[in-house]
Amino acid sequence: MTAGRLLPVFPLGTVLVPGLVLPLHIFEPRYRRLVADLEALPEDDREFVVVAIREGREVGADGARALFDIGTVTTVREIEPLEDGRFDIVTVGARRVRLGDLDTSLPYLRADVVDVPEEAGGETEPLASAVAQRFIEYRSMFTDDDGSGLPDDARVLSYLVAAAIVIDLPGRQGLLESPTDVERLEAELAFLRRENALISALPSLPAVDLLRDEGSPN
């Protein structure tokens, strides 16, 4: 992606990480316009930025301060128009970007964005192995999943864990913003050690769906 490219912005009350599939039901007029504009583009250019809302539930034309600075470009894989003008779409998180100046000339927000580099930051394999083991333990307290499908790639694993753990929005945003894979994995390892110990000490905790979908406020 060219630095400074102007892309549509889709504010959400959740954090999208690279690699995560994100289905959306589009019903607000401004986001219907966004999807219609994307439909007019070649398939490879159908992208927008999902960025978490820092405060409140919605972002108006002057709401830049309500958004986090870093979001995730998501590519549109499927668009299903509905008879009443709404859309169901399926997108996949692709890469992190930093938002610059906002453009309010269209019904939906757009922003100048630049890529956030992905850096290992050191030796990731030992950390990834430790995180995978702790994550398997974590999941086993809620589901029967044995963790056999976890990715071998440390960066992919770090984003999968960031998406799947039960953590508040600022915490998940912090994992998205981690400058390096090592820092993200270290933060996740500390979280998993703490949560596993807590949950083990409180066996009566109610089960939680780790992969629950969060609604779109569009």
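Does region 125-201 come out rounded, prolate or oblate by the C-alpha gyration tensor, with a ≥ b ≥ c the root eigenvalues, rounded set by a/c under 1.5 and, if not, prolate when a/b is larger than b/c and oblate if not?
Values: a/c = 1.65, a/b = 1.20, b/c = 1.37.
It is oblate, given that a/c is not under 1.5 and a/b is not larger than b/c.
Below 8 Å, C-alpha to C-alpha, sequence gap of six or more: please give me the relative contact order for region 125-201 in percent. Let's see the in-between values first.
Working: 52 pairs, mean separation 32.9, N = 77.
This gives 43 percent for region 125-201.
Once the piece of chain linking F142 and L169 is laid out straight, how much longer is it, given 0.36 nm per residue of separation minus the C-alpha distance between them?
Values: separation 27, 0.36 × 27 = 9.72 nm, distance 2.07 nm.
Value of the extension gain: 7.7 nm.
Report, in debye and to the nearest 20, how large the dipole of the chain comes out about its Cα centre when Lys and Arg carry +1 and Asp and Glu carry -1 on their Cβ.
Details: 22 positive and 40 negative charges, 111 e Å.
About 540 debye.
Pick out, from I53, L24, T143, the residue whose Cα sits farthest towards the positive end of the charge dipole of the chain, with +1 on the Cβ of Lys and Arg and -1 on the Cβ of Asp and Glu.
My answer, from the dipole projection, is I53.
Be a star and scan region 24-52 for residues whose amide nitrogen sits under 19 Å from the point 7 Å along the Cα-to-Cβ vector of E83.
Taking a point 7 Å out along Cα→Cβ of E83, the residues of region 24-52 whose backbone N falls under 19 Å are 26-27.
Express in nm, to one decimal, how much length is gained between N196 and V90 on full extension, taking 0.36 nm for each residue of separation and deducting their alpha carbon distance.
On the way: separation 106, 0.36 × 106 = 38.16 nm, distance 3.31 nm.
Stretched fully, the N196-V90 segment lengthens by 34.9 nm.
On a 0 to 90° scale, report how tilted helix 29-39 is relative to the longest principal axis of the chain, with both axes built from alpha carbons and the result rounded to the nearest 10.
Here the helix axis deviates by roughly 90 degrees.
Tell me the Rg and the Dmax, in Å, that the Cα atoms of the chain produce.
Calculated on Cα positions, Rg and Dmax stand at 18.3, 55 Å.
Using alpha carbons only, how many angstrom separate the centre of region 81-124 from the centre of region 160-181?
The two parts, judged by their Cα centres, are 17 Å apart.
When the Kirkwood radius is taken over all Cα pairs of region 5-115, what Stokes-Einstein diffusion coefficient follows at 25 °C and 0.890 mPa s, in µm²/s?
Working: Rh = 13.9 Å.
After rounding, the answer is 176 µm²/s.
Only the coordinates and a few stated rules stand behind these numbers; no lab work does. Computed from a prediction, not measured in an experiment: that's the story for all the values here. No Cβ is skipped: glycine too gets one built from the backbone with ideal geometry, and neighbour counts run over all protein chains shown.
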